[in-house]
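The values are calculated or read from the model by the stated rules, or taken from the named source; none is laboratory data. All values derive from a computational prediction rather than experimental measurement. In this analysis, Cβ positions are derived from the backbone assuming ideal geometry, glycine residues included, and neighbour counts consider all displayed protein chains.
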Amino acid sequence: MSTDAKQCESPLLSQFRHGLRREHIDNALRDIGAGWQRRELWMTLGLHDVRQRYRRSKLGPFWITISMGVMVLALGLLYGQIFGQDIHEYLPFLAAGFVIWGLISTMILDGCQAFIVAEGMIRQLNAPVSIYAYRGLWSVLIAFAHNIWIFFAVALWFSVELNWNFLWLLPAVVLLLLNGLWMSLLFGLLSARFRDVPLIIGSIVQVLFFITPVIWRPDMLPGRALLLHLNPLYHMVEIARAPMLGHPPALDNWLVVILLALLGWAITLFFYSAYRWRIAYWV
């Protein structure tokens, strides 16, 4: 590039070009890898976060299960009547959907706060920045481990057949967590710089809840299948909900979530490699 062209180049474009250097991408990958190696630290921090949230409570984290159970039961009885659904089929569907939606939505919302809530530690602790994204995901996974018992209770009560397809839940959760990690790194970075981002994403997630088949079934949307399949959260919910209900997840659901992971990680590495070092100043 000529000297005149370099002088005319905008500062933002210059930063993007600077962020695309190979060494910066390598540093970002090393940070993410080093964060995974420090899992004893972020697992301890994540468990501490859950305990702090329910300290001095007799039931502790089991309040997560109780609140989810009450919500599923209340909405199941209400919307089952409104939609004219058979409660024996609708309540297991709702329980599975709520448990998975809780995992996905909390990953997104907590990911926005990953670096903000760790302000003091980021400035004082010499550790990879990515440990705070891992920390948030571990807390979310602990909550999911509590909530999934709600589905087991509903499945047992309504005699839902748990067959070998249930094993698909494990790779589905792993894929969801891989998506959750890039969301935490990207949204956490953007939220540290622009404090309106968590509020914007929170509003978007709230709207997506109503247009994602969690409390309503996909077959209730005849003639609008395209609108449904353009919603990536539908595919994220479905790859985990289908095995819980005894069905193999559809190939198109898997492909969309895998494509979302690849695209999300490509964008995240671009921004994370360019601006990771600024997080300590932004928080």
Could you grab me the full set of residues in the range 44-53 that are under 17 Å from Val129 (Cβ atoms) and either exposed (fewer than 14 other Cβ atoms within 10 Å of the Cβ) or among the aliphatic types (A, V, I, L, M) (or both)?
Leu45
Residue check, Leu75 modelled with pLDDT under 90, over 21 Å from the mean Cα position of the chain (by Cα) and closer than 23 Å to Ile279 by Cβ
no
Within the range 194-215, considering residues that are of a type outside the set (A, V, I, L, M) and surrounded by fewer than 16 Cβ atoms within 10 Å (Cβ to Cβ), the one farthest from Ala114 (Cα to Cα)
Phe210
Could you please find all residues in the range 242-254 being surrounded by 19 or more Cβ atoms within 10 Å (Cβ to Cβ) and either assigned to a helix (DSSP H, G or I) or of a type in the set (Phe, Trp, Tyr) (or both)?
Ala242, Pro243, Met244, Asn253
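Taking the range 255-268 as the search range and keeping residues that are in contact (Cβ under 8 Å) with a residue 24 or more places away in the chain and out of contact with any helix residue (DSSP H, G or I) (no Cβ under 6 Å at 6 or more places or on another chain), which one is surrounded by the most Cβ atoms within 10 Å (Cβ to Cβ)? Explain how you work it out, then say what you get.
So in the range 255-268, the residues in contact (Cβ under 8 Å) with a residue 24 or more places away in the chain come out as 256-258, 260-261, 264-265, 267-268.
Checking the rest, the ones that are also out of contact with any helix residue (DSSP H, G or I) (no Cβ under 6 Å at 6 or more places or on another chain) come to 258, 267.
Working: Ile258: 15, Ile267: 12.
The qualifying residue surrounded by the most Cβ atoms within 10 Å (Cβ to Cβ) is Ile258.
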Give the range 228-241 a look and list any residue that's surrounded by fewer than 19 Cβ atoms within 10 Å (Cβ to Cβ), in contact (Cβ under 8 Å) with a residue 12 or more places away in the chain and of a type in the set (A, V, I, L, M, F, W, C), or say none.
Leu228
Might you let me know whether the range 221-241 holds any residue that is at pLDDT below 90, assigned to a loop (DSSP other than H, G, I, E, B), of a type in the set (A, V, I, L, M, F, W, C) and on the phi < 0 side of the Ramachandran plot?
yes
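If you take just the helices (runs of 4 or more DSSP H) that sit entirely in the range 70-183, which of them hold at least 3 residues that are in contact with a strand residue (DSSP E or B) (Cβ under 8 Å, 6 or more places away or on another chain), crowded, with 18+ Cβ neighbours inside 10 Å and of a type outside the set (S, T, N, Q)? It would help to see each step written out before you state the result.
Working: elements: 87-112, 119-124, 131-157.
Answer list for the range 70-183: none.
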Expected output for the range 134-154 (first residue within 12 Å of Gly46 (Cβ to Cβ) and in contact (Cβ under 8 Å) with a residue 24 or more places away in the chain, partner basic (Lys, Arg) and part of a helix (DSSP H, G or I), Cβ below 7 Å, 6+ apart or cross-chain) is Tyr134/Arg39
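Inspect the range 192-204 for any residue being out of contact with any strand residue (DSSP E or B) (no Cβ under 7 Å at 6 or more places or on another chain), part of a helix (DSSP H, G or I) and under 30 Å from Gly84 (Cα atoms) and give the result as yes or no.
Filtering the range 192-204 for residues out of contact with any strand residue (DSSP E or B) (no Cβ under 7 Å at 6 or more places or on another chain) gives 192-204.
Subset that is part of a helix (DSSP H, G or I): 192-193, 197-204.
Still in the running and under 30 Å from Gly84 (Cα atoms): 203-204.
Yes, because at least one residue in the range 192-204 is out of contact with any strand residue (DSSP E or B) (no Cβ under 7 Å at 6 or more places or on another chain), part of a helix (DSSP H, G or I) and under 30 Å from Gly84 (Cα atoms).
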Which one of these does Phe194 not meet: (1) more than 19 Å from the chain's Cα centre (by Cα); (2) at pLDDT below 90; (3) more than 23 Å from Leu77 (Cα to Cα)?
(2)
